[in-house]
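The values are calculated or read from the model by the stated rules, or taken from the named source; none is laboratory data. Treat the numbers as computed from the prediction; the structure is a model and nothing was measured. Here the Cβ positions follow ideal geometry from the backbone for every residue, glycine too, while neighbour counts run over all protein chains shown.
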Amino acid sequence: MNPQSEHEPDDAAWVTDATDDDEAALLASAQQAAEAEAIEIDDDEENLDLLPVVAVVGRPNVGKSALVNRFIGRREAVVEDFPGVTRDRVAHVTEWAGRRFILLDTGGWDRDATGRAASVSEQAERAMTQADVILFVVDATVGPTASDEEVVPLLRATDHPVLLVANKADDANIEAEASSLWSLGLGEPHAVSALHGRGSGDLLETVIDLLPEHGRRSTGSGLRRVALVGRPNVGKSSLLNKLAGENRAVVHDEAGTTVDPVDEIVEIDGQEWMFVDTAGIRRRVREASGHEYYASLRSRAAIERCEVAIVVLDSADVLSEQDLRIINMVLEAGRALVIAFNKWDLVDDERRRYLEIEFERDLAHVDWAPRVNISAITGRRVDRLTRALDAALDGWQTRIPTGRLNAFLKELAAAHPHPVRGGKQPRILYGTQPSTRPPTFILFTTGFLEAGYRRFVERRLREEFGFTGTPIAINLRIRTKRRDR
């Protein structure tokens, strides 16, 4: 084997060279480096007070999500040319003219909807009651419809300011035709074009004038963020609803119901959490089309933004390659991990026996993650998730004092030295933990530590210090002799 290739970083480790003439100088520089690098990862979310809420509502396919994207200045909401893409209430913190507020995107409202569409309409109605200002979006090219007229009584019953928004007014002719919307009895229609931006600035100025100083909904900026991730149709939204005690997310037997990540503040046993329900991550993102492609990308982004991820698995189904891929996504993001085997009420004794075999075979590399067997439908053991989350977050934030760490490493190296390779035996000279979230260690060594030995060190770290529910990163700094000139 080429000696150079052995120094290429693999697994979770990266390697750099530290040049010194003697071991004492290396130890001194190592300690200085440790002090310089010992920084905590602070929460980069801004502390926000109660922000006012602006709900964007209307029937399907009038351009609500496109208007939301125009307001926030980026393609955050999933948009497609057919109706019904947005299904849940999706919140976006935005700012205009120095005022911050929450923009609440909703699915299309339809009084006569059935099945999944009825759940979407229910979420839209819930958004109307939560809002401080409501933007009622209609299609300027179509004019007032029977569905538009049916939602007007609901808007008036909320007793909140309502702005009538005539979207798709892409030119002056359509803008003139929007005058027919006066018949809805909601005042002057505000003609805008989400596609081209016409009138959007004037509309936002009007919204700002109507906003109260403080809203009634918390952004949850100071709460622990928990992402619910997994394959489609494993029960993520059902679990969110069970934890919340009410229907916060749209649930349907059809796979792929959730499209946008849904942020919901949930109180469990007196403690509030920010849960993020995500779209099911499909096997090949690049093979997905349209809104499914963007939904998968947003689910991946939700993992990056969370602190701890609950990977929901279907216990009645065989562990798949995609399940393992999703777990690895959480590990690569460096997030705390809890594994929830859902649909436990559907598992018989034979399936439980095979599931244990699958777990030992395929998930041995994450045996440190808390595992909870639950049923989102019946509520079985759902209450145990909070204890698992607390344990995983505690492990994620664990820091070992430098003195204690080096005493541990000294005893470990003495009892189990690294094997001799090529006539040389690399040694660990010094160790430090520069950061947590996840716990990251730097080992200053006389040579490259093989992946198997690093895994051994990680295993012993877990046995000694816990680190429940968190990945561990072990990085190397290798001493190299300075060449004589």
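Some points to look at:
- Scanning segment 250-293 for residues that are aliphatic (A, V, I, L, M), part of a loop (DSSP other than H, G, I, E, B) and at pLDDT 50 or above yields ALA279, ILE281.
Each row is one residue, and each column tells you yes or no for (1) farther than 13 Å from ARG231 by Cα; (2) among the aromatic types (Phe, Trp, Tyr); (3) at pLDDT below 95.
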| site | (1), (2), (3) |
| --- | --- |
| GLU304 | yes, no, yes |
| VAL312 | no, no, no |
| VAL318 | no, no, yes |
| LEU337 | yes, no, no |
| PHE341 | no, yes, no |
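- Criterion: in the same structural domain as VAL234 (by TED's automatic domain parsing), buried (at least 18 other Cβ atoms within 10 Å of the Cβ) and within 26 Å of LEU337 (Cα to Cα) - qualifying residue of LEU405, LEU389: LEU389
- Of all the numbered requirements in (1) under 31 Å from the mean Cα position of the chain (by Cα); (2) part of a loop (DSSP other than H, G, I, E, B); (3) among the small types (Gly, Ala, Ser), GLY395 misses one, and that requirement is (2).
- Of residues in segment 398-425 being of a type in the set (Val, Ile, Thr) and not in a helix (DSSP H, G or I), the one modelled with the lowest pLDDT: VAL420
- For segment 65-121, a residue qualifies if it is on the phi > 0 side of the Ramachandran plot and at pLDDT below 75, and the qualifying residues are GLY84, GLY115.
- Residue pairs meeting the criteria (Cβ under 7 Å; at least 6 apart or on separate chains; first on the phi > 0 side of the Ramachandran plot, in segment 430-445; second outside any strand (DSSP E or B)): ARG437/ILE41; ARG437/TRP396; ARG437/GLN397
- The one condition from (1) under 22 Å from the mean Cα position of the chain (by Cα); (2) in a helix (DSSP H, G or I) that VAL338 does not meet is (2).
- Only residues that are at pLDDT 95 or above and either surrounded by fewer than 16 Cβ atoms within 10 Å (Cβ to Cβ) or among the acidic types (Asp, Glu) (or both) were counted in segment 463-485, giving 2.
- Some residue of segment 360-383 being on the phi < 0 side of the Ramachandran plot, within 26 Å of the chain's Cα centre (by Cα), assigned to a helix (DSSP H, G or I) and free of Cβ contacts under 8 Å to residues at least 12 places away in the same chain: yes
- Count of residues meeting criterion [among the aromatic types (Phe, Trp, Tyr) and not in a strand (DSSP E or B)] in segment 426-485: 5
- Taking segment 151-173 as the range and being of a type in the set (Gly, Ala, Ser) and crowded, with 17+ Cβ neighbours inside 10 Å as the test, the residues that pass are ALA166, ALA169.
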